[in-house]
1. Filter segment B:29-39 for residues that are open to solvent by less than 30 Å² (accessible area, probe 1.4 Å) and more than 7 Å from chain A (Cβ to nearest Cβ); which is nearest to the chain's Cα centre (by Cα)?
2. Give the residues of segment B:18-29 that are closer than 13 Å to A:R260 by Cβ and out of contact with any Gly (no Cβ under 8 Å at 6 or more places or on another chain), sorted by residue number.
3. Can you tell which of B:I301, B:I344 is under 20 Å from B:G231 (Cβ atoms), touching a residue at least 24 places away in the same chain (Cβ under 8 Å), outside the structural domain of B:W239 (by TED's automatic domain parsing) and open to solvent by less than 50 Å² (accessible area, probe 1.4 Å)?
4. How many residues, within segment A:86-102, are within 28 Å of A:I35 (Cα to Cα) and in contact with a strand residue (DSSP E or B) (Cβ under 6 Å, 6 or more places away or on another chain)?
5. Starting from residues that are in contact (Cβ under 8 Å) with a residue 60 or more places away in the chain and hydroxyl-bearing (S, T, Y), keep the ones in segment A:205-234 and report whichever is farthest from the other protein chains (Cβ to nearest Cβ).
6. Considering only segment A:315-337, state which residues are open to solvent by 20 Å² or more (accessible area, probe 1.4 Å) and among the small types (G, A, S).
7. Can you tell me how many residues within segment A:325-340 are among the hydroxyl-bearing types (S, T, Y) and out of contact with any Leu (no Cβ under 7 Å at 6 or more places or on another chain)?
2 protein chains.
Amino acid sequence: MVKRNPHFSRLSKNYLFPEVTRRARSFENLISLSIGDTSEPIPHAITEAMKKAATQLGSRKGYRGYGAEQGNAALREKISEVIYKGKISADEIFISDGAKCDIGRLQILFGSDKTIAVQNPAYPVYVDTGLMLNQKVVYMECLPENNFFPNTFPDADLLYLCSPNNPTGSVATHAQLENLVQWAKKSNTFIIFDAAYSGFIQDPTLPESIYEIEGADEIAIEVSSFSKLIGFTGVRLGWSVIPKNMTYAEGGSVHDDYTRVVTTFFNGASNISQAGGLAALDHPDEIAKLSTYYLENARLIKKALESKECRIYGGENAPYLWVDFGKIESWDLFQMVLEKTKLITTPGSGFGSCGEGYLRFSAFGNRTQILNAVKRIETQWPEQLSP
Amino acid sequence: MVKRNPHFSRLSKNYLFPEVTRRARSFENLISLSIGDTSEPIPHAITEAMKKAATQLGSRKGYRGYGAEQGNAALREKISEVIYKGKISADEIFISDGAKCDIGRLQILFGSDKTIAVQNPAYPVYVDTGLMLNQKVVYMECLPENNFFPNTFPDADLLYLCSPNNPTGSVATHAQLENLVQWAKKSNTFIIFDAAYSGFIQDPTLPESIYEIEGADEIAIEVSSFSKLIGFTGVRLGWSVIPKNMTYAEGGSVHDDYTRVVTTFFNGASNISQAGGLAALDHPDEIAKLSTYYLENARLIKKALESKECRIYGGENAPYLWVDFGKIESWDLFQMVLEKTKLITTPGSGFGSCGEGYLRFSAFGNRTQILNAVKRIETQWPEQLSP
């Protein structure tokens with residue numbers, strides 16, 4: 001028989017969320033504040049656009065087969081215009097079936113034998129894809145002491161930064177990103193900026209894209225998504241920006257190589273999903289309405305938790321609350337909260353060792369459920385965690 | 001700056017079809033018999049199912065966010081039942097956004113430092129994904145002499161076999177696949193069986209799946225797709241089968257590891273596309289109608305080519321004609337045919353050195369266009385290629 005891929009033995013046994021699901025399985029009457037999964041319907045104008053696309057596929061005149069692997073030109077143009085105000089050109093934008101999938105393709109682009117720097121805590125996919133492709137991983141501690149943003153950056157080929165951050169809910173400032181970009185240029189590191197939650201930024205002084213920083217287009221890739229923006233978690237649509245200015249140490253265009261990755265490992269996002277994405281960007285009011293809805297959820301959960309003995313971070317420009325319970329281990333916290341309140345949270349340690357002692361509360365959920373969750377926090381909170 | 005992924009330098013400069021497009025760009029009034037892209041509308045029952053899915057996503061009650069990365073249970077069940085008559089269980093089926101993308105994920109599963117055996121000629125993606133992930137590639141000559149099926153198999157970890165074959169249009173027989181499966185078991189090789197064109201098989205004695213061969217579920221993965229089956233090239237939907245019986249040399253389940261690949265590098269196919277796939281399998285008559293349509297195109301093109309001095313293979317249980325022009329180089333053939341007839345074909349050498357001297361004619365296309373193409377073959381055929 002064939003030998004196993006040796007790099008797979010470096011993975012921890014279970015992916016975080018399946019493990020959360022497994023542990024919650026035996027409980028009833030659960031409310032999940034765990035996975036960051038959208039709950040609110042997709043606005044009418046957008047579902048109508050997708051229905052129209054499906055109808056067209058059923059007619060001789062409207063039928064289209066393969067689209068460009070890089071995505072439909074109209075959608076790339078629209079993202080260039082609406083999201084990047086023309087700073088990024090349409091041909092620097094690659095439409096995808098979501099940010100998670102693009103992270104995998106970017107790892108393939110840069111390949112094994114690279115060192116990646118990852119925030120600790122972080123979304124587990126950066127590390128897991130890196131390990132599976134034989135990359136070396138170094139960590140950057142993100143704690144309340146440094147406002148969840150690394151003070152110094154390690155030697156690495158690629159540096160992943162997620163802002164608004166999953167799981168800490170923190171958002172990098174202009175000054176922080178300027179430092180990072182300057183450092184990356186000096187130290188020959190590429191930044192992979194995960195902006196999947198940028199739609200939640202309310203504070204106008206905070207940067208929504210790495211490209212708001214001058215010179216970032218020489219060393220930074222940005223990954224983004226329609227998932228949280230407009231409820232497309234199941235519809236699958238995202239994009240990545242690979243600027244044409246990015247070149248390798250020995251010369252040669254990163255954009256050209258990524259084009260090769262996308263045309264070989266991918267075949268385009270669904271044309272129906274792309275029609276939905278195009279319509280979404282024509283309705284910024286609907287996008288704002290959804291973000292505001294989930295942020296109000298965050299405010300309600302935060303308010304309930306404030307009466308308990310824990311420090312709460314995030315939730316203002318991000319749909320996650322990152323809650324510090326001190327010395328108690330995350331999976332124990334998870335279990336206590338689960339048993340007493342039947343609320344599913346996410347143990348902070350699942351995002352890295354610096355998440356130990358934390359729980360992540362997701363603000364995605366229907367208001368009725370969130371109000372129910374709030375009541376449970378207020379009335380059924382575990383005694384060990386109460387003030 | 002960061003160094004380029006060294007494995008990328010092993011790739012030939014251009015992916016085949018972009019090069020075809022580039023060369024055809026300056027001509028007018030073209031008819032493409034090149035890329036295998038569906039042209040006929042998606043049947044009404046299927047577009048209606050997708051519209052219904054989009055409508056549901058717009059309602060509080062019907063909204064769903066993330067689905068399982070492995071796909072919706074109902075669709076996995078339906079494929080198990082309709083395609084595999086229960087021989088393969090639903091949890092061995094992984095729903096994907098298409099066969100091409102699954103091939104990439106399977107390469108990630110097995111990893112670098114593996115040797116892959118690939119038919120020559122073959123769909124370029126097997127080799128390109130392999131090279132990009134630092135695999136070694138060995139080739140199996142497929143020529144008229146061996147009925148386009150390898151006589152012997154080389155030492156390799158993975159062996160790719162595509163049947164009905166792209167580009168040769170040949171279909172492996174039961175006896176051939178039995179030989180292959182027996183050899184694979186003895187020589188510790190896994191088979192990756194690409195069945196993306198199985199819907200075109202008309203001859204009931206030919207196997208549509210590798211799992212018709214006893215014991216194949218211990219050593220074979222099957223990749224398949226809705227693209228050609230029901231016109232989903234742009235909608236994006238496929239599946240792969242990773243049997244639970246497959247284990248590594250040192251023990252351990254291949255299925256478990258692929259689950260990890262899929263949950264890390266992927267996030268599920270679009271829920272709207274999946275609703276369409278489910279409806280498609282409820283309408284086998286519609287599937288048959290589309291296959292018959294394209295095979296009639298193949299028959300018409302074949303008939304026109306028969307009057308010219310060339311040997312024609314395929315087209316009876318596959319939507320491709322593989323046409324042997326003897327000593328003339330493929331790109332020269334491509335150019336001659338393009339200039340005289342304004343027909344875009346695919347040069348056989350783009351599929352490997354054994355394709356030199358061949359052109360592939362795709363039978364996808366609307367009948368009016370195909371009849372037009374037939375007329376051009378009959379009346380404007382290059383003199384150098386005429387009898």
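The values are calculated or read from the model by the stated rules, or taken from the named source; none is laboratory data. Here the structure is a predicted model, which means the values were calculated and not measured. In this analysis, Cβ positions are derived from the backbone assuming ideal geometry, glycine residues included, and neighbour counts consider all displayed protein chains. Side chains are part of the model used for accessible areas, which takes the heavy atoms of the whole protein and leaves out ligands, DNA and RNA. Shrake-Rupley method; radii C 1.70, N 1.55, O 1.52, S 1.80 Å.
1. Per the stated criteria, the residue is B:G36.
2. Just the residues of segment B:18-29 that are closer than 13 Å to A:R260 by Cβ, to begin with: B:18-19.
Within segment B:18-29, just B:P18 meets the criteria.
3. On the way: B:I344 fails: under 20 Å from B:G231 (Cβ atoms).
Of the residues listed, the single one that is under 20 Å from B:G231 (Cβ atoms), touching a residue at least 24 places away in the same chain (Cβ under 8 Å), outside the structural domain of B:W239 (by TED's automatic domain parsing) and open to solvent by less than 50 Å² (accessible area, probe 1.4 Å) is B:I301.
4. Start the filter on segment A:86-102 by keeping residues that are within 28 Å of A:I35 (Cα to Cα), which leaves A:93-102.
Now drop any that are not in contact with a strand residue (DSSP E or B) (Cβ under 6 Å, 6 or more places away or on another chain), which leaves A:93-96, A:98-99, A:102.
Looking only at that region, the number is 7.
5. The extreme case among them is A:S209.
6. The answer is A:G326, and nothing else.
7. Initial filter on segment A:325-340 (among the hydroxyl-bearing types (S, T, Y)): A:330.
Subset that is out of contact with any Leu (no Cβ under 7 Å at 6 or more places or on another chain): none.
Count: 0.
Residue-by-condition table, conditions (1) in contact with a Lys or Arg (Cβ under 7 Å, 6 or more places away or on another chain); (2) touching a residue at least 12 places away in the same chain (Cβ under 8 Å); (3) surrounded by fewer than 23 Cβ atoms within 10 Å (Cβ to Cβ):
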position: B:A90; (1), (2), (3): yes, yes, yes
position: B:I95; (1), (2), (3): yes, yes, no
position: B:T115; (1), (2), (3): yes, yes, yes
position: B:G130; (1), (2), (3): no, yes, no
position: B:V137; (1), (2), (3): no, yes, yes
